[in-house]
Amino acid sequence: MRTEKDELLDKWMNVYGAEVLRTAFFYVKDISIAEDMFQEVFLKAYKKMNTYRGEASIRTWILKITINQCKDYLKSNWFKRILLNWETKDYVLPEVDTTLNPESIVLHHEERQELLEQVLKISLPLREVLILYYYHDLSQNEIADILKIPFGTVRSRLHRSKEVLKKQLKLGGDYDEKY
């Protein structure tokens with residue numbers, strides 16, 4: 001017998017599932033691991049449903065769970081021993097406008113692929129702010145709340161990530177942000 005809680009979880013998975021999967025991929029860079037994170041996130045959301053206090057939107061709460069799950073995974077010893085799989089990058093990119101001519105579609109695909117590769121090269125603290133701001137369209141205050149960092153840190157990381165990304169794209173991905 002399905003409960004009201006089960007129905008709510010189904011709704012959340014339908015509404016936020018793709019966003020959770022893409023966010024997880026941006027952290028772990030492997031689609032099969034991102035799919036595991038997807039399962040873990042919604043399992044945790046289901047178990048913790050009664051702890052949701054309504055201080056932030058459901059979307060923000062679920063993204064916070066996603067980010068924390070991914071960070072926990074990245075800290076794990078198991079993750080540190082495996083090689084990352086880059087074969088599934090297309091999975092996280094938005095759809096191409098199919099009304100374009102074939103040449104434009106190929107060019108657009110290549111540009112999107114290059115942008116994703118460069119974003120994935122940025123250090124995690126910079127990348128997560130960039131993804132949350134531009135990809136998830138969260139405000140800087142929401143990002144500060146999710147990541148538990150000061151607002152000023154969000155602003156500086158956002159600025160720095162854009163600078164690093166610009167330099168990487170100009171140099172064909174050869175820019176090392178440490179210098």
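The values are calculated or read from the model by the stated rules, or taken from the named source; none is laboratory data. All values reported here derive from a predicted model rather than from experimental measurement. For neighbour counting, all protein chains shown are included, and Cβ atoms are generated from backbone atoms with ideal geometry for every residue, glycine included.
Listed values, structure above:
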{"item": "Residue among Asn85, Asn101 that is surrounded by fewer than 17 Cβ atoms within 10 Å (Cβ to Cβ) and either closer than 24 Å to Ile31 by Cα or modelled with pLDDT of 70 or more (or both)", "result": "Asn85"}
{"item": "Every pair of residues 6+ apart whose Cβ atoms lie under 6 Å, when the first sits in segment 132-158 and is under 18 Å from Phe25 (Cβ atoms) while the second is outside any helix (DSSP H, G or I)", "result": "Leu132/Leu138"}
{"item": "Within segment 1-34, tally of residues that are closer than 14 Å to Tyr73 by Cβ and surrounded by fewer than 15 Cβ atoms within 10 Å (Cβ to Cβ)", "result": "1"}
{"item": "Test result for Ile62, buried (at least 19 other Cβ atoms within 10 Å of the Cβ), hydrophobic (A, V, I, L, M, F, W, C), under 23 Å from Val129 (Cα atoms) and outside the structural domain of Ile131 (by TED's automatic domain parsing)", "result": "yes"}
